[in-house]
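Below is one structure, written out as structure tokens; the observations come after it.
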Amino acid sequence: MKTTSIRTMKQVFSKLRRHAKTDYRLLILCNLIANLLVSAFSFLIWSSTVQETFPPGGDSMKQVMMVFCIAIFGCLVFTVYAAMLFFRCKSREIGVFMALGAGKRSLAGQLFRELFASMAFPALTGIILGPLFTLGIWQIFRLFLPDKEGTVLSFTPYSLIICAAFLAASLLLCFLFAVRFLSRTNILDVVNEQRKSEPIRDVRSWYLPAGIFLIVFGAVAGYGHPYFFETFFGIFAPAWTNLLYLPIFPGIYLIILFLVIRGKGSRKHPYRKIISRSMLKFQGRQTVNNMLIMTLLVAGACFAMFYVPITASGNLLATNAWEKDFSMRLRADQDMPDFEEIGQLAGEYRLTVKDPAETPLSVLGKDGTGQDIDENGKYIYYYQEVIADCTVISASGYETLTGEHIDIPRGTYDECVDRDSPYGPDTETTLLTNMVTGETLDVRFGTVHYSHTLSGLTVLNDEDFARISEGLDSSWQETYVQFNVDAPYGDEDEYRFSQALWNRIVSASSGAGMDSSFYSWAVKIYCDEQGETYWADNEPVSSVHFTQEDSDTFQFWSLWKYKPYFRIMEQNNLFMNMAILFLTFLFMAIVCYTAVLIISYTRSLTLALSNRQVYEDLTRLGAGIEFRFRSVREQLSKIFFLPTILGMTAITLFFLMILFANDGRISLSEGTGVVVCVLIMMVFGAGIFLFYRRTLKVVCRMLGINAKSVPEKKQ
């Protein structure tokens, strides 16, 4: 038999590495997956495709970054935790070397090399595989899109900076923990590190109500503090006030402590589940810390998944409620189709136009109170004679479109509002201005009319409408057109007709006809007359004025001022038009979901390794398979299900609070979306349950428990 002499410490560690592959496998796997997820997430968010889709500084991008930060934090935590578990596994070897006289300096060098090799190379592999993983998932999503143009994913090198920063941070933290591990002077402490417990002191009964209070306070204060500062102090909320969300974390921590250590009925039956509860208690710190991270990741995954059903249900229900199949605002100064051309185009697709109606519109300027922020963050309110566009329609024109007769006194205006809109009617307007002649009209608010397709229009008395519109040139005049169609040969003909009509309108639009919805020519003219700079002119031209090349983009679909509303096109193209937003949020949910599974799995294996001796002692004392299996199951069920239930419950209540705070109610579309979200969470929970069952079998096998011999009714 050939023998190999071992002369150096490096050879000793190499020999030990070959005989302890399990100790390295978890560290390598965690680093590979963590860096894979971070890389995939970073390449997605900082891809030019996503960056060009999400408006900079918008709510959607803020939500993306919030979930991204949660995912980064979760990946960093379980990477560091895997390294600490590695130290515990290596503690016996390091302690023996120290007892034999090995210096800490030489041991530190070898441990750093082992740690670097086990972290850096898997991490680099994960970073390389990240964009491939992203592209693969993205391509699978794109298979379900009828039109794949505009959803091609393109990457930017900026993502590599995020990946490198994450790798550097994880290596630095792990090295610091390695130094702390080797800094102990007592050899016995190092040797017994693997057996060292992390006990939690007794948990008080007030932990549960205190935890609930902190969560509610953090959610309400964090979300509502901008309104508080504006209302009571008249200032824009400082950046530090976002820290008001922080009480949520200790609140969740206290609730988890209470439920893990005490649980339901622990005082009435102190000896029930005493083994599993004691094991969790003596390994409690890291267990609760991991469960806290899992709770945040579950909440982040659910929050990301909520975006799709809430947005989709709102759009689909609103579309179904439209009064007419086709509605559009057509500028008078551009070559727009009239009813004769529309009828001919419909005939080409075997359709018949029904219930046609059209009426003139006028675009005026209206006054109002503006809001600004000075250099000290204080809100400044000012009155401006022209603060926005106002698209007006006559009372007779309103009757032409809706069939409803209304009487409006002279000097009064009514507002048309979508019933499901979070914004109410504008009741503060007192002056309307003809931007060509300078003629003004003093007005006061009358009443509100609910209409989906006419939302945003202001209704005037016929005489007032004629007087204030006199002298307007064609650039300030429009025609509002509505009609239904009869499609005897199926909806496909109607869809193809809607595409053809859309393309006809877009191709005829140019100049001001390609403005975004927040660009006002009335305010532009007023500011020029006052010698001031219109704020929208300081924005990038591409964000306020579109071109023909932009007609296939999400920004054009969502922000074009003269976007026509075609029911069948809106329904069929909803997912395609918002594909990048939907795919981004779904991808974020997948990342957070994967991180939850990894953390729960690693924590379960840790409990198995830490308590192996205890279960061997229980076997010697005569504990049966059923008793030991039930003990393992009780521990793992808390690790998996408590963060899942807590995270889902917290984010659902938080989401309901946001929906209610928007307009003081939860609309039908929002309620429908919430129901869909609950169904999605049930699927999410079912996946975690199946993974829990698989992990339970693995842990039982590690502890020598034959789960198959346990009666089915006990499982």
Screening LEU636, LEU679 for residues that are in a helix (DSSP H, G or I), surrounded by 19 or more Cβ atoms within 10 Å (Cβ to Cβ), modelled with pLDDT of 80 or more and hydrophobic (A, V, I, L, M, F, W, C) leaves only LEU636
On the basis of being in contact with a helix residue (DSSP H, G or I) (Cβ under 9 Å, 6 or more places away or on another chain), in a helix (DSSP H, G or I) and not hydroxyl-bearing (Ser, Thr, Tyr), does ASP550 make the cut? yes
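For MET84, indicate whether it is modelled with pLDDT of 70 or more and closer than 30 Å to VAL541 by Cβ. Steps first, answer last, please.
Numbers: modelled with pLDDT of 70 or more: yes; closer than 30 Å to VAL541 by Cβ: no.
It is false that MET84 is modelled with pLDDT of 70 or more and closer than 30 Å to VAL541 by Cβ.
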Is at least one residue of the range 238-258 without any contact (Cβ under 8 Å) to a residue 40 or more places away in the chain, touching a helix residue (DSSP H, G or I) at 6+ places or on another chain (Cβ under 7 Å), among the hydrophobic types (A, V, I, L, M, F, W, C) and surrounded by fewer than 17 Cβ atoms within 10 Å (Cβ to Cβ)? yes
Kindly list, by first and then second residue, each pair from a residue in the range 175-190 that is more than 14 Å from ARG105 (Cβ to Cβ) to a residue that is small (Gly, Ala, Ser) and at pLDDT 55 or above, limited to pairs with Cβ atoms under 8 Å and residues at least 6 apart or on different chains. PHE177/ALA83; PHE181/SER91; ILE187/GLY95; ILE187/ALA99; LEU188/GLY95; VAL190/SER91; VAL190/GLY95
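Mind telling me which of the residues GLU385, GLU348, GLU340, GLU404 ends up being closer than 22 Å to ARG444 by Cβ, loosely packed, with under 13 Cβ neighbours inside 10 Å and of a type in the set (Asp, Glu)?
Values: GLU385 fails: loosely packed, with under 13 Cβ neighbours inside 10 Å; GLU348 fails: closer than 22 Å to ARG444 by Cβ; GLU340 fails: closer than 22 Å to ARG444 by Cβ.
Going through GLU385, GLU348, GLU340, GLU404 in turn, just one is closer than 22 Å to ARG444 by Cβ, loosely packed, with under 13 Cβ neighbours inside 10 Å and of a type in the set (Asp, Glu): GLU404.
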Has the range 517-536 got any residue that is assigned by TED's automatic domain parsing to the domain that holds GLY370, within 26 Å of the chain's Cα centre (by Cα) and in contact (Cβ under 8 Å) with a residue 12 or more places away in the chain? yes
Select from the range 497-513 the residues that are in a loop (DSSP other than H, G, I, E, B) and surrounded by fewer than 20 Cβ atoms within 10 Å (Cβ to Cβ) and list them in ascending order. SER510
Can you name every residue in the range 405-425 that is under 42 Å from the mean Cα position of the chain (by Cα), of a type in the set (D, E, K, R) and either assigned to a helix (DSSP H, G or I) or under 24 Å from GLU478 (Cα atoms) (or both)? ASP414, GLU415, ASP418
LEU609 vs (1) within 30 Å of SER516 (Cβ to Cβ); (2) more than 21 Å from the chain's Cα centre (by Cα); (3) modelled with pLDDT under 80; (4) not small (Gly, Ala, Ser): all pass except (1)
Would you tally the residues in the range 456-474 being buried (at least 22 other Cβ atoms within 10 Å of the Cβ) and either of a type in the set (Gly, Ala, Ser) or part of a loop (DSSP other than H, G, I, E, B) (or both)? 3
Quick check, is GLY377 under 37 Å from the mean Cα position of the chain (by Cα) and surrounded by fewer than 16 Cβ atoms within 10 Å (Cβ to Cβ)? yes
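I'd like to check something: does the range 462-481 contain any residue that is modelled with pLDDT under 90 and farther than 16 Å from ALA332 by Cβ? Before you say what the answer is, go through the steps one by one.
Taking the range 462-481 as the starting set, the residues that turn out to be modelled with pLDDT under 90 are none.
No.
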Does ASP372 count as in a loop (DSSP other than H, G, I, E, B), out of contact with any Lys or Arg (no Cβ under 9 Å at 6 or more places or on another chain), loosely packed, with under 12 Cβ neighbours inside 10 Å and not polar (S, T, N, Q)? no
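Conditions (1) among the acidic types (Asp, Glu); (2) at pLDDT 80 or above; (3) under 25 Å from ALA82 (Cβ atoms), marked per residue:
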| residue | (1), (2), (3) |
| --- | --- |
| ILE235 | no, yes, no |
| ASN242 | no, no, no |
| ILE248 | no, yes, no |
| GLY251 | no, yes, no |
| PRO270 | no, no, no |
| SER276 | no, no, yes |
| LYS281 | no, no, yes |
Picking from THR453, THR429, THR447, THR391, the residue that is closer than 24 Å to GLY368 by Cβ, part of a loop (DSSP other than H, G, I, E, B) and assigned by TED's automatic domain parsing to the domain that holds ILE342 would be THR429
In the range 307-338, the residues that are under 33 Å from the mean Cα position of the chain (by Cα) and either part of a strand (DSSP E or B) or polar (S, T, N, Q) (or both): THR311, SER313, ASN315, THR319, ASN320, PHE326, SER327, MET328
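The values are calculated or read from the model by the stated rules, or taken from the named source; none is laboratory data. Not measured: the values here are computed from a predicted model. As a convention, Cβ positions derive from the backbone with ideal geometry for all residues, glycine included, and neighbour counts pool all protein chains shown.
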